[in-house]
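What follows is a single structure, and I will ask about it in a moment.
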Protein chains: 2
Amino acid sequence: MNRNEIMDVLNFRHSCKVFDDKKKISDVDFEVILEAGRLSPSSMGIEPWKFLVIENQELKNELGAVCWGGKAQMPTCSHLVLYLSRVAKELRFDSNYIDYLVKDVKHLPEDVAPTYKGIMKSIEEVRFKEDNDLEAYASDQVHIALANMMNVAAILGIDSCPIGGIDRKAVEKILVDRGLLDTEEFNITVSAAFGYRVNNPGEKLRQGIDEIVTWIK
Amino acid sequence: MNRNEIMDVLNFRHSCKVFDDKKKISDVDFEVILEAGRLSPSSMGIEPWKFLVIENQELKNELGAVCWGGKAQMPTCSHLVLYLSRVAKELRFDSNYIDYLVKDVKHLPEDVAPTYKGIMKSIEEVRFKEDNDLEAYASDQVHIALANMMNVAAILGIDSCPIGGIDRKAVEKILVDRGLLDTEEFNITVSAAFGYRVNNPGEKLRQGIDEIVTWIK
């Protein structure tokens, strides 16, 4: 893909407000979108995310009804993703989750694992004494996965809309009632709708490059 | 770009630890990487970011010396980006920055601008009473831009490494002393090094797709 084609993809991606509810994303395409999330980088490799992929129409409608930012997108999209993020106690250096990451995901040798955990411990002591701060850091990582998934969707000609305007308490209740969320393990962070546009977007309005970039040569 | 080519890009991207300090990214390529940041979505379109693009070797060395997470990457990379994020008071609905966004960037008609600001005000009242929370939300958006820039770099065959392990106080002092940062306006959020790898990466280790995805059909 050359520079012009990349610019086309960047301009194709916009926050799509209404999707064509008759057009479904194919499984093979959505698997690649999910791989873009799964293979995302995260600080210290903590992968604090979980993706709830909702195709169920009833649930999409129910969520759309309680999320002011997703009223039109959630019911009409093909796939709605709710991004969960691990709660603070799951991310502490001595948690079961970190132990699982170290052993079963990273396969760190037994003499290296304590070094990794030691670094995590010292970061926690300096930056993340408060649970809130640790969870904000996890949320940062989840937004990397979110961005990568929207980016890859755009390459595949698939539209998306990130949706932060969600009533977290109401969504939490809906998910807990269906057994889809354990609040001891995960927070709801953000969501995104994926599908195919009905309308063409307006002009992309952004600050100019000189407003947001300073070069130090 | 088809699905296999996308998977190749996702696997090409890794957190590159040492760059070839003789290989520079071309200006035309780096401009596209910056466009990926500039055209990123952000919640409510707040674009809270600023990118300091550092090619200056002395400054890269100086920063590498105070950032444990960037010791090898910062001095060897072609372009180091420091991601700044607007402080809370810049992002309040009644700030000069939001006024500028509404008028000069989004060109909202005079009768629509108050609606936009009203929505921001109500979000602030519900979710962002504390400056910390508003700044965490801005940081989320900056990570979207970060991810998009690394993703586009990978499409262009350019390596990158996100670097969160930075001594913010020390970096702040270095930038303030050079007149590159006004702490009344911006926080330092994260950084990323861009360039070309020296070594091939190891195997990409991640949780399996079934561990991180729940489908609701």
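Give the calculated FRET efficiency between A:I209 and B:V176 to the nearest 0.05, with a Förster radius of 35 Å applied to their Cβ-Cβ distance.
0.90
Work out the length of the dipole vector of segment A:12-197 about its Cα centre, built from +1 on the beta-carbon of each Lys and Arg and -1 on the beta-carbon of each Asp and Glu, and round it to the nearest 20 debye.
Computed about the Cα centre, the dipole is about 600 debye.
Dividing the alpha-carbon radius of gyration of chain B by 2.2 N^0.38 Å (N being the number of residues), what value is obtained?
Its radius of gyration relative to the 2.2 N^0.38 Å reference: 1.12.
Charges on Cβ only, +1 for Lys and Arg, -1 for Asp and Glu, centred on the Cα centroid of segment B:1-149; of B:I33, B:M74, B:A88, which one is farthest towards the dipole's positive end?
B:M74
Once every Cα of the protein assembly as shown carries one equal point scatterer and solvent is ignored, give the base-10 log of I(q)/I(0) from the Debye formula at q = 0.14 Å⁻¹, two decimals.
-1.46
Let me ask something else. For chain A, set up a GNM with springs between Cα atoms under 10 Å and report which of A:M44, A:M120, A:M149 has the largest fluctuation.
A:M44
Still on this model: Need the C-alpha centroid separation for segment B:68-107 versus segment B:138-156, integer Å.
Between the Cα centre of segment B:68-107 and that of segment B:138-156, the gap is 13 Å.
Under 13 Å from a point 7 Å along the Cα-to-Cβ line of A:E130: which residues of segment B:108-134 have their amide N that close?
B:128-134
May I pose another question? Compute the separation of the alpha-carbon centres of segment A:167-217 and segment B:171-211 and state it in Å as a whole number.
Cα centres, segment A:167-217 to segment B:171-211: 22 Å.
Take peptide A:136-146, look around each residue's Cβ out to 10 angstrom, count Cβ atoms belonging to other protein chains, and average those counts.
6
To the nearest 20 debye, what charge dipole does the protein assembly as shown have about its Cα centre, counting +1 at the Cβ of each Lys and Arg and -1 at the Cβ of each Asp and Glu?
So the dipole magnitude of the protein assembly as shown works out to roughly 400 debye.
While we're here: What average number of partner chain Cβ atoms lie no more than 10 Å from the Cβ of the residues making up B:174-186?
For this peptide, the per-residue mean of nearby foreign Cβ atoms is 0.
In addition: For A:I54, which sequence-distant residues (separation of 5 or more, or a different chain) have an amide H within less than 5 Å of its own amide H, given hydrogens modelled in the peptide plane?
Sorted by chain and number, the residues that satisfy this are A:L80, A:V81, A:L82, B:I216.
Whole-Hz Karplus ³J(HN,Hα) for segment B:6-12, in order, using 6.51 cos²θ - 1.76 cosθ + 1.60 and θ = phi - 60°, x for Gly and Pro?
Once θ is set to phi - 60°, the couplings for segment B:6-12 become 5, 4, 4, 5, 4, 7, 5 Hz.
Please compute the net charge surrounding B:M7, taking Lys and Arg as +1 and Asp and Glu as -1 over other residues with Cβ under 13 Å from its Cβ.
Result for the local shell: -1.
Just from its helices, what would the mean residue ellipticity at 222 nm be for the protein assembly as shown, if runs of 4 or more DSSP H residues each count -39500 (n - 2.57) and the sum is divided by every residue, rounded to the nearest 500 deg cm²/dmol?
The helix-only estimate for the protein assembly as shown comes to -13500 deg cm²/dmol at 222 nm.
Using θ = phi - 60° and the Karplus form 6.51 cos²θ - 1.76 cosθ + 1.60, what ³J(HN,Hα) does each residue of segment B:17-34 get, whole Hz, x for Gly and Pro?
Couplings: 8, 10, 9, 6, 6, 9, 9, 9, 6, 5, 4, 5, 5, 5, 4, 5, 4, 5 Hz.
Here is a follow-up. Hey, got a sec? Which GluC sites (Glu not before Pro) in segment B:123-214 land in a DSSP loop and have at most 14 other Cβ atoms within 10 Å?
Here the sparse-neighbourhood loop sites are B:E130, B:E184, B:E185, B:E203.
Which residue, B:R86, B:R168, B:R197, has the most motion in a Gaussian network model of chain B that connects Cα atoms within less than 10 Å?
Comparing B:R86, B:R168, B:R197 in a Gaussian network model of chain B, the most mobile one is B:R168.
Say we join alpha carbon atoms closer than 10 Å with springs in a Gaussian network model of chain A; which of A:D182, A:D111, A:D167 then has the biggest fluctuation?
A:D111
I've got another one for you. In whole Hz, with x marking every Gly and Pro, tabulate ³J(HN,Hα) for segment B:127-141 from phi via Karplus 6.51 cos²θ - 1.76 cosθ + 1.60, θ = phi - 60°.
After applying 6.51 cos²θ - 1.76 cosθ + 1.60, I find 10, 10, 4, 7, 4, 3, 5, 5, 6, 5, 5, 5, 4, 3, 5 Hz.
FYI, it's all coordinate maths here, none of it is from the lab. Computed from a predicted model, the values in this text were never measured in an experiment. Methodologically, a virtual Cβ is constructed for each residue, glycine included, from the backbone with ideal geometry; neighbour enumeration extends over all protein chains shown.
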